[in-house]
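Asks: Shown below is the structure under consideration.
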Amino acid sequence: MLDVRESRLRPLAFDGNFGLEREALRVTEEGRMSHAPHPFPADHPRIVRDFCENQTEINTRVWPTADEAVAELKSLNADILRAIAKNREYLWPFSNPPPLRGEDDVVPAKFVGKLSGKATYRDYLSSKYGRYLMTYCGIHVNYSFGDRLLVASGADRNALYLHVSAGSVLWGWVVVALTAASPVLDASFFHSAEEGDAFPGFASVRCGDLGYWNHFSPVNDFSGVEAYADAIRGYVRRGLIAAPSELYYPVRLKPRGANRLETLVAEGIDHIELRCVDLNPLEGGLVDARDIKFIQLFLVWCAARPQARLTERDQAQAVRNFKNAARYDLDLARITLPDGTSASVRETGLRLLDSLRRFFEDFPEEVQDVIAFERGKLEHPERRYAEEVRSRFAGTFAERGLEFARKQTEEVENV
């Protein structure tokens with residue numbers, strides 16, 4: 001445990017590092033999936049491809065503040081918009097894809113030579129999960145506790161991250177509830193012959209039951225780094241997944257550099273990754289910096305919580321809680337905790353935010369402002385991103401989405 005309320009740690013409470021990843025789809029001027037090759041060089045350090053050839057992924061540098069990380073994300077996003085505008089393309093600002101014309105409309109990223117294994121892996125994923133699921137896009141938030149804070153606290157780095165990861169598995173559903181922004185998608189996602197709006201009852205389709213999940217319920221081992229890695233290796237040995245990267249879980253522990261289990265065990269845990277933030281079209285398909293700041297507060301709070309010893313049943317319920325938090329109606333969807341108590345997502349979320357408010361009550365006012373911003377989404381439904389997105393885009397999702405994407409490009413080109 002690490003409690004930043006201790007007097008010796010308080011000045012270093014927010015000593016940490018942020019890195020952001022953002023996926024987005026390139027679309028044509030008609031608002032369709034682009035089939036044009038990736039427009040950036042293969043060795044570009046910040047802009048790469050994810051599953052699809054038209055799925056650009058931004059990887060920011062590591063920054064000491066959320067504001068700086070979001071600023072670079074915006075800058076790189078502008079670079080993409082300017083570059084693809086030359087080919088009359090836009091970036092789709094939603095986590096859900098534009099209208100799709102069948103599996104062939106989703107073109108896996110092309111790799112040759114020494115990287116041809118990446119193409120083979122994408123063929124495997126296509127066969128196992130179908131290509132439509134691969135079109136979901138989101139934001140991954142990577143966070144590490146600062147070295148000064150770790151040294152001052154005397155905390156064991158690996159033990160701390162395992163502790164925080166277990167807490168994030170138990171409580172991280174609140175991030176889904178607060179950042180969900182993808183309630184609408186095109187009906188072609190379900191029936192390729194149909195187009196038009198669909199509302200399947202989720203505030204975040206990708207984080208709910210229709211999202212990209214494994215075909216089994218993972219159970220992690222947070223007792224040590226080797227145990228954590230071996231549990232994941234076990235899924236590979238049993239043929240449940242082909243590689244550790246196929247473990248689609250909302251929380252990951254990662255080493256510095258290449259994300260390999262061997263490196264994690266040999267060199268230790270460098271940071272934690274939360275993979276459950278939607279693209280926010282109200283922020284141009286990016287993210288509000290206050291949400292990233294809240295995630296830091298949440299992880300700092302988790303670090304001070306009592307040890308969460310999660311059983312197999314607890315972890316299965318934790319995944320269910322993430323999916324329930326992605327529902328649109330937060331009064332009907334429920335959260336069930338290890339002690340057996342159950343309440344609505346809204347009620348449980350408000351209690352959690354109250355706990356954070358009390359935890360940080362003697363900290364600077366801007367900390368409480370972030371918590372109040374998040375609380376407002378649960379107290380006033382119209383402030384939820386999903387509510388506003390549905391209000392603005394439902395009825396003509398494809399048309400208004402394309403109009404919005406065009407506007408984003410025009411604003412960047414006019415700067």
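Asks: Determine whether segment 325-334 contains at least one residue that is surrounded by fewer than 16 Cβ atoms within 10 Å (Cβ to Cβ), touching a helix residue (DSSP H, G or I) at 6+ places or on another chain (Cβ under 8 Å), acidic (Asp, Glu) and within 19 Å of Leu178 (Cβ to Cβ).
Replies: Yes.
Asks: Now for a different question. Residues Tyr235, Tyr249, Tyr212: which one is in contact with a strand residue (DSSP E or B) (Cβ under 9 Å, 6 or more places away or on another chain), surrounded by 14 or more Cβ atoms within 10 Å (Cβ to Cβ) and either assigned to a loop (DSSP other than H, G, I, E, B) or on the phi < 0 side of the Ramachandran plot (or both)?
Replies: Matching residue, one of Tyr235, Tyr249, Tyr212: Tyr249.
Asks: Checking the conditions here, which among Val205, Val169 is closer than 22 Å to Leu264 by Cβ and surrounded by 23 or more Cβ atoms within 10 Å (Cβ to Cβ)? Steps first, answer last, please.
Replies: Numbers: Val205 fails: closer than 22 Å to Leu264 by Cβ.
Of the residues listed, the single one that is closer than 22 Å to Leu264 by Cβ and surrounded by 23 or more Cβ atoms within 10 Å (Cβ to Cβ) is Val169.
Asks: Name every residue in segment 346-400 that is among the polar types (S, T, N, Q) and more than 30 Å from Pro98 (Cβ to Cβ), in order of residue number.
Replies: Of segment 346-400, the ones among the polar types (S, T, N, Q) are 348, 355, 368, 391, 396.
Scanning segment 346-400 gives Thr348, Ser355, Gln368.
Asks: Hey, another quick one. For the list (1) modelled with pLDDT of 95 or more; (2) assigned to a loop (DSSP other than H, G, I, E, B), I need the number of the one condition that Gln307 fails.
Replies: Gln307 satisfies every listed condition except (1).
Asks: In addition: Going by the conditions given, is Ser153 over 19 Å from Arg275 (Cβ atoms), within 23 Å of the chain's Cα centre (by Cα), surrounded by fewer than 20 Cβ atoms within 10 Å (Cβ to Cβ) and not aromatic (Phe, Trp, Tyr)?
Replies: No; evaluated as a whole, the condition is false for this residue.
Asks: Identify the residue in segment 45-61 that is at pLDDT 95 or above and assigned to a loop (DSSP other than H, G, I, E, B) and, among all such residues, is surrounded by the most Cβ atoms within 10 Å (Cβ to Cβ).
Replies: Of everything passing the filter in segment 45-61, Asn54 is surrounded by the most Cβ atoms within 10 Å (Cβ to Cβ).
Asks: Is one or more of the residues making up segment 116-134 part of a loop (DSSP other than H, G, I, E, B), of a type in the set (Val, Ile, Thr) and farther than 30 Å from Gly16 by Cα?
Replies: No, there is no match, as no residue in segment 116-134 is part of a loop (DSSP other than H, G, I, E, B), of a type in the set (Val, Ile, Thr) and farther than 30 Å from Gly16 by Cα.
Asks: Could you please let me know if Thr65 is modelled with pLDDT of 95 or more, farther than 24 Å from Gly401 by Cα and among the β-branched types (Val, Ile, Thr)?
Replies: Values: modelled with pLDDT of 95 or more: yes; farther than 24 Å from Gly401 by Cα: yes; among the β-branched types (Val, Ile, Thr): yes.
Taking the combined requirement at face value, the residue satisfies it.
Asks: I want to confirm something. Restricting to segment 13-39 and keeping residues that are more than 21 Å from the chain's Cα centre (by Cα) and of a type in the set (Asp, Glu), which single residue is surrounded by the most Cβ atoms within 10 Å (Cβ to Cβ)?
Replies: Once the filter is applied, the top-ranked residue is Asp15.
Asks: Answer with yes or no whether Ser344 is surrounded by 15 or more Cβ atoms within 10 Å (Cβ to Cβ), under 24 Å from the mean Cα position of the chain (by Cα) and among the small types (Gly, Ala, Ser).
Replies: The answer is yes for Ser344.
Asks: In the list Phe373, Phe322, which residue meets the criterion of being surrounded by 22 or more Cβ atoms within 10 Å (Cβ to Cβ) and not in a loop (DSSP other than H, G, I, E, B)?
Replies: Phe322
Asks: Restricting to segment 62-84, name every residue that is farther than 15 Å from Ile47 by Cβ, in contact (Cβ under 8 Å) with a residue 60 or more places away in the chain and in a helix (DSSP H, G or I).
Replies: If the condition is that a residue be farther than 15 Å from Ile47 by Cβ, in contact (Cβ under 8 Å) with a residue 60 or more places away in the chain and in a helix (DSSP H, G or I), then Ala66, Asp67, Ala69, Val70 are the ones that fit.
Asks: Something else: Considering only residues that are surrounded by 18 or more Cβ atoms within 10 Å (Cβ to Cβ) and either of a type in the set (Val, Ile, Thr) or in a helix (DSSP H, G or I) (or both), which ones fall in segment 378-401?
Replies: Those that are surrounded by 18 or more Cβ atoms within 10 Å (Cβ to Cβ) and either of a type in the set (Val, Ile, Thr) or in a helix (DSSP H, G or I) (or both): Leu378, Tyr385, Ala386, Glu387, Val389, Arg390, Phe393, Phe397, Ala398, Gly401.
Asks: Here's something else I'd like to know. Is it the case that some residue within segment 329-339 is β-branched (Val, Ile, Thr), part of a strand (DSSP E or B) and within 20 Å of Leu297 (Cβ to Cβ)?
Replies: Looking for residues that are β-branched (Val, Ile, Thr), part of a strand (DSSP E or B) and within 20 Å of Leu297 (Cβ to Cβ), one finds at least one in segment 329-339, hence yes.
Asks: Give just the number: which of (1) surrounded by fewer than 19 Cβ atoms within 10 Å (Cβ to Cβ); (2) closer than 18 Å to Gln315 by Cβ; (3) in contact with a helix residue (DSSP H, G or I) (Cβ under 9 Å, 6 or more places away or on another chain); (4) not polar (S, T, N, Q) does Ala243 not satisfy?
Replies: Going through the list (1) surrounded by fewer than 19 Cβ atoms within 10 Å (Cβ to Cβ); (2) closer than 18 Å to Gln315 by Cβ; (3) in contact with a helix residue (DSSP H, G or I) (Cβ under 9 Å, 6 or more places away or on another chain); (4) not polar (S, T, N, Q), Ala243 breaks only (2).
Asks: Something else: If you check every pair at least six apart or on different chains, which have Cβ atoms under 7 Å apart with a residue in segment 33-57 that is farther than 18 Å from Asn87 by Cβ first and a residue that is surrounded by fewer than 22 Cβ atoms within 10 Å (Cβ to Cβ) and among the small types (Gly, Ala, Ser) second?
Replies: Once the first residue is farther than 18 Å from Asn87 by Cβ and sits in segment 33-57, its partners that are surrounded by fewer than 22 Cβ atoms within 10 Å (Cβ to Cβ) and among the small types (Gly, Ala, Ser) give Phe51/Ala109.
Asks: Consider segment 1-29. How many of its residues are within 20 Å of Ala71 (Cα to Cα) and outside any strand (DSSP E or B)?
Replies: Residues flagged as within 20 Å of Ala71 (Cα to Cα) and outside any strand (DSSP E or B) within segment 1-29 amount to 2.
The values are calculated or read from the model by the stated rules, or taken from the named source; none is laboratory data. Values in this document were obtained by computation on a predicted structure and should not be read as measured data. Because the Cβ atoms are built from the backbone with ideal geometry, glycine has one as well, and the counts that use them run over all protein chains shown.
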